[in-house]
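Novice: For reference, the structure I am asking about is given below.
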Amino acid sequence: MDVVNLIMVMTGCALGGGSRYLVELMWPYDPGLNELPIAVIGINIVGSALAGTHLGLTVTEFPLAQVEQSNFFFVTGVLGGFTTFSAFSLQTLEMLIDGEPFLALVNVAISVVGGLLAAALGFSIAQAV
């Protein structure tokens, strides 16, 4: 185990997790209101776009993206702490439990398709750099 990489991941996770918490404070989710969890959807789509951008920069040999620690810090750390599959899963389950299968399906569709499209867009933008 490389201690420097561990510190990079832990520092990134703190920044990403703190950022996610602040976004969720701005757009709180209340499962009882039969609404979509806008904060988590947005967080995961933005995180996907940034991950795609990082990948695109890596492929184009952008100097900063080539530094090994940038992947540990930014992708594993910041984006790993910022994005949240567990909250997405839990909120979708809450919708199903609350008798809102259509809302749950919309949440899954927007999150998965939106995340993939965002990652592809980020990748394409980075390729153009």
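Novice: Please work out the FRET efficiency for the pair Ile97 and Leu121, using the Cβ-Cβ distance as r and a Förster radius of 30 Å; give the result to the nearest 0.05.
Specialist: Result of the calculation: an efficiency of 0.35.
Novice: What length, rounded to one decimal in nm, is gained on full extension from Val3 through to Val113, with 0.36 nm per residue of separation minus their alpha-carbon distance?
Specialist: Gain in length upon complete extension: 36.0 nm.
Novice: Work out from phi, with θ = phi - 60° and the Karplus expression 6.51 cos²θ - 1.76 cosθ + 1.60, the ³J(HN,Hα) of each residue of the range 91-97, listed in order in whole Hz, and give x for Gly and Pro.
Specialist: Whole-Hz 3J(HN,Hα) from phi for the range 91-97: 5, 5, 4, 4, 5, 5, 4.
Novice: Give me the percent of the accessible area of the chain that comes from carbon and sulfur atoms, probe 1.4 Å, all protein chains in place.
Specialist: Summing carbon and sulfur atoms, their accessible area is 75 percent of the total for the chain.
Novice: Another question, then. For the pair Ala14 and Ala128, how long in nm is the line joining their label points, each one 7 Å along Cα→Cβ?
Specialist: Simple spin-label model gives 3.7 nm for this pair.
Novice: Find the relative contact order for the chain and round it to a whole percent, using C-alpha pairs within less than 8 Å whose residues are 6+ positions apart.
Specialist: About 42 percent, as a whole number.
Novice: Springs between alpha-carbon pairs under 10 angstrom, Gaussian network model over the chain: which of Leu33, Leu25, Leu117 fluctuates most?
Specialist: Fluctuation is largest for Leu33.
Novice: Taking a point 7 angstrom from the Cα of Phe62 along the C-beta vector, which residues in the range 33-50 have backbone N less than 17 Å away?
Specialist: 46-50
Novice: Could I ask something else about it? Once you place label points 7 Å from the Cα toward the Cβ at Gln69 and Val106, how far apart are they in nm?
Specialist: Taking the simple label geometry, Gln69 and Val106 are separated by 4.6 nm.
Novice: Same structure again: Placing one identical point scatterer on every Cα of the chain and ignoring solvent, what is log10 I(q)/I(0) from the Debye formula at q = 0.09, 0.15, 0.22 Å⁻¹?
Specialist: -0.30, -0.74, -1.19
Novice: If you don't mind, there's one more thing I want to ask. Rounded to the nearest 20 Debye, what is the dipole magnitude of the chain about its Cα centre when Lys and Arg each give +1 and Asp and Glu each give -1 at the C-beta?
Specialist: 240
Novice: Give the value in nm², to one decimal: projected area of the alpha carbon convex hull of the range 1-62, averaged over all directions.
Specialist: The Cα convex hull of the range 1-62, projected and averaged over all directions, gives 5.9 nm².
Novice: Continuing with the same structure: Just the accessible area per residue of the chain, please: how many Å² with a 1.4 Å probe?
Specialist: Value returned for the chain: 58 Å² of accessible area per residue.
Novice: Could you run the Karplus curve 6.51 cos²θ - 1.76 cosθ + 1.60 with θ = phi - 60° over the range 102-114 and give me ³J(HN,Hα) per residue in whole Hz, x for Gly and Pro?
Specialist: Going residue by residue, I get 5, 4, 4, 5, 4, 4, 5, 4, 5, 5, 6, 5, x Hz, with x marking Gly and Pro.
Novice: Are there GluC sites (Glu not before Pro) in the range 61-99 that DSSP marks as loop and that have at most 15 other Cβ atoms within 10 Å, and which are they?
Specialist: Passing sites in the range 61-99 are Glu61.
The values are calculated or read from the model by the stated rules, or taken from the named source; none is laboratory data. Treat the numbers as computed from the prediction; the structure is a model and nothing was measured. Using ideal geometry, Cβ is built from the backbone for each residue, glycine included, and neighbour counts are taken over all protein chains shown. Side chains included, ligands, DNA and RNA excluded: accessible areas come from the protein's heavy atoms. Shrake-Rupley method; radii C 1.70, N 1.55, O 1.52, S 1.80 Å.
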